[in-house]
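The values are calculated or read from the model by the stated rules, or taken from the named source; none is laboratory data. Model, not experiment: these values are computed from the prediction. Cβ coordinates were reconstructed from backbone atoms using ideal geometry, including for glycine residues, and neighbour counts include every protein chain displayed. In case anyone asks, the SASA skips ligands and DNA or RNA and just uses the protein heavy atoms, side chains included. Shrake-Rupley method; radii C 1.70, N 1.55, O 1.52, S 1.80 Å.
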Amino acid sequence: MLRTSIRSVRALGSRPAAAVAGRQWQASAARRAVVSGQRFYADDKKPLVDEARLPAAETLTAPTTPPPPPPQTTPAATITPEQAPLTPPAPGPAVVPPPPPPVAPIVPKKKGFFRRLRNFLLKLVLLGVLGFGGGVWYSRINDNFHDFFTQYVPYGEEAVLYLEELDFRKRFPNVANRVTGRRADTASEQVSIPAQSGASWRVADGDHAGRQSSGVAQKVVAAKDAVKDTVKDIVKPEPAAVTKAKKETAALPKVEAKDAALEKKVKGVEEKKEEVAVIPAAATSSKPKEFRAPDVNEPSVWPPASPIDPLSVPHADDAIVQQLVHMLNDIITVINYDGAADKYSQTIWKAKDEVSKVGERILSIKSAAEEEAAKQVKARIDSFDKHANDLVSRLEAIMLAQEQQWRQEFEAEVERLKHNYDDKIKLIQEREQKLSEQKLQNKLLEQAVELQRQFSRDIKKHVEEEREGRLGRIESLSRAVSELEKLTTGLNEVVDTNLRTQQLHVAVEAVRASLEDAHHPRPFIKELVALKEIAADDPVVDAAIASIHPSAYQRGISTSAELIDRFRRVAAEVRKASLLPEDAGVASHASSYLLSKVMFKKQGLAAGDDVESILTRTQTFLEEGDLDNAAREMNTLGGWAKTLSRDWLSEVRKVLEVQQALDVITTEARLQSLKVE
Amino acid sequence: MADTAPATTTSPTSGVVSRPVSEALLNEKWDRCFSNLIIKSSLGLGFGVVFSVLLFKRRAWPAFVGVGFGAGRAYEECNSSLKQAAKEIRKQA
């Protein structure tokens, strides 16, 4: 079941029926027909279709005509799952082609063979036809097989299509006619409308006709709707009158409300509003049941009498009147609700008159009372005004009199005060004058005294100056003498230091000379001792001498010639060991010795870190007399080379130390002499 | 072999007395090595000759073997002394 339903859905939803080309549409429709089975034998429906050809005798209003029976749309699978083959049948028989094999030309001589051949051919044809027929049949059941069959078997597709179309046409003669008719141009064919689909005032049964889901049917329904609307319009006018009346009743209380608002009585307005709210409610509730115009087939009926209008009293601002009106309106609503308006209308009218009369009378009484009150109030106001005026005038007179009196008193007082102050001022002025005269006299006296004193001071100063000038000259003389004495002593010192520095110079020169002119190393300890004595305890000289190694001045230092000579020897030895590896044995020593003989020698300031170039550089420096740099170069050697050159290096160092110390002492001596000057 | 020991010890004592200048260090070592070689190989030769006369019916090879032993011994000593010196140098540095 599930399978078939899914298949049907696929068949329906796979392509939109209207949009696809004709042939394909037919095919799909036919397949759908296959799916939904053989229930739709259109034989039953044929009479209905015949009936649909516009029956002229039928009337629009005939209620007795039964609605057409709803189309049976329940699709039921014709193939039960038990019947449906799980696997498609072997296409063997179908594949066998119908054309017979060309065996015919071989003409047998025997009769038996001929017959056998004929039998064989017959069987073959029979089998082929059967297989083809079976394939066509099964292709309608199974989709997969259908595809296969139509694709591979010759004439298979045509056969299946033809069969499907036949089936489809049997099921849907209408659609088939339309589809085919479009091609065949059947414009002359008349459009048939079923009896029930025509214009009718009935609403409910309308859509039975449209179930065929064809465009024609839908159009018919639309037409029916239009007709229905016109019928309704015809029926309407009668209830329209009723609704109009209702509207008038609703409008009446609105007008009343407007009047009340104009009167501007707040209380009244509020209560009125309540009333207004009540009245329309009553009006709407008292509406009788919707009057229906009688149908064409019903007996005509009179419309019911219009309900009694609720009472409304103009200028109903009095509480009593309002209550009365309210009561009456309640009664009216009750009557209206009961629908007994006819009966009580006279009485109610009378009551209404009475109520309105009562209201008017109350109004007149009220107005009379108001007028009287207004008169009284006016008289009172007049009397009050008069009294007030009297009082004001009296008060003003009293105030004036008082003011005049006060002014007189004030003026008298002012006069008296002025007099007093004038007297005081005169007295004070006289005193001031006396005081100032006294002060001036005092000042004069003071000035005289001051002048006398200054004079005496001047004289004294002159005398002192004279005396101090002479004394000062004597003092400067004595000072000059003392300075002269100091100078002489200083000169002595200068001479002494000069001597000492000269001696220092001499001593240094002696040391240098003893070092330079010796052809052999000679101890210069005596010269050094002399130098130290002469320098007394000059810290610089002491330090310089201390820096010299004792062995240097005890044994003496070698000259530069000696150093060079020794360097040559050392260099030869170092060269022998220049190619030694780190941890050298006998073999490496021997090889180094042999190879060093073969090595090229460098010249000048050779670049490089190897032993040979270092040696060359040192030699160059030595030849230039630059002991310092030579020593530095040799110091960069390492390993055996360094060990071999150790003694020479220490020798050079000693020489350098001595030279440095002497340099320092010479500089010190020069500094001393400069200081003296 | 036992005679070699005093020979090696006597030479350094002479070195200590007059300390050699640094550039002569290597040469001195070489001298000692050579003397050592001569002494030891001659000793070996002597032993070899004695053995060959006494034991091997005056064959030549025992003498050669003796010389070889002596020379090898001398070589080894020289080698070790040189390496010792190199080690000391490295320690100083």
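Residue check: is A:Ala577 surrounded by fewer than 17 Cβ atoms within 10 Å (Cβ to Cβ) and more than 14 Å from A:Gln659 (Cα to Cα)? Considered against the rule, which asks whether it is surrounded by fewer than 17 Cβ atoms within 10 Å (Cβ to Cβ) and more than 14 Å from A:Gln659 (Cα to Cα), A:Ala577 comes out as no.
Candidates are the residues of region A:626-646 that are away from chain B (no Cβ under 14 Å) and touching a helix residue (DSSP H, G or I) at 6+ places or on another chain (Cβ under 7 Å); the one that is surrounded by the most Cβ atoms within 10 Å (Cβ to Cβ) is A:Ala630. Residue count for region A:509-550, restricted to those that are without any contact (Cβ under 8 Å) to a residue 24 or more places away in the chain and not in a helix (DSSP H, G or I): 2. Remark: pairs (first residue in region A:575-599, more than 8 Å from every other protein chain (Cβ to nearest Cβ); second residue open to solvent by 60 Å² or more (accessible area, probe 1.4 Å) and part of a helix (DSSP H, G or I); Cβ separation under 6 Å; 6+ apart in sequence or on different chains) = A:Leu579/A:Leu595.
Within region A:499-515, is even one residue exposed (fewer than 14 other Cβ atoms within 10 Å of the Cβ), at pLDDT below 90 and of a type outside the set (A, V, I, L, M, F, W, C)? No; the residues of region A:499-515 include none that is exposed (fewer than 14 other Cβ atoms within 10 Å of the Cβ), at pLDDT below 90 and of a type outside the set (A, V, I, L, M, F, W, C).
The residue that is surrounded by the most Cβ atoms within 10 Å (Cβ to Cβ), among those in region B:19-38 that are more than 7 Å from chain A (Cβ to nearest Cβ) and not in a helix (DSSP H, G or I), is B:Pro20. One residue is enough: does region A:538-556 have a residue meeting the conditions among the small types (Gly, Ala, Ser), closer than 30 Å to A:Asp610 by Cβ and within 14 Å of another protein chain (Cβ to nearest Cβ)? No, that holds for no residue. Screening A:Ala341 on (1) touching a Pro at 6+ places or on another chain (Cβ under 9 Å); (2) surrounded by fewer than 10 Cβ atoms within 10 Å (Cβ to Cβ) shows it passes everything except condition (2). Which residue, of A:Val358, A:Val325, is within 18 Å of A:Asp309 (Cα to Cα), open to solvent by less than 60 Å² (accessible area, probe 1.4 Å) and either assigned to a helix (DSSP H, G or I) or touching a strand residue (DSSP E or B) at 6+ places or on another chain (Cβ under 7 Å) (or both)? Sole residue among the options that is within 18 Å of A:Asp309 (Cα to Cα), open to solvent by less than 60 Å² (accessible area, probe 1.4 Å) and either assigned to a helix (DSSP H, G or I) or touching a strand residue (DSSP E or B) at 6+ places or on another chain (Cβ under 7 Å) (or both): A:Val325. Scan region A:597-616 residue by residue and report those that are assigned to a helix (DSSP H, G or I), in contact with a helix residue (DSSP H, G or I) (Cβ under 6 Å, 6 or more places away or on another chain) and open to solvent by 20 Å² or more (accessible area, probe 1.4 Å). Matches in region A:597-616: A:Val611 only. Scanning region B:54-84 for residues that are more than 13 Å from chain A (Cβ to nearest Cβ) and loosely packed, with under 14 Cβ neighbours inside 10 Å yields B:Leu54, B:Leu55, B:Phe56, B:Lys57, B:Arg58, B:Arg59, B:Ala60, B:Trp61. Among the residues of region A:560-571, the one identified as within 8 Å of another protein chain (Cβ to nearest Cβ) and open to solvent by 50 Å² or more (accessible area, probe 1.4 Å) is A:Arg569.
Answer with yes or no whether A:Val495 is touching a Ser or Thr at 6+ places or on another chain (Cβ under 8 Å) and of a type in the set (A, V, I, L, M, F, W, C). The answer is no for A:Val495. The residues listed here are A:Gln619, A:Gln660; of these, the one that is of a type outside the set (Lys, Arg) and either in a loop (DSSP other than H, G, I, E, B) or under 30 Å from A:His505 (Cα atoms) (or both) is A:Gln660.
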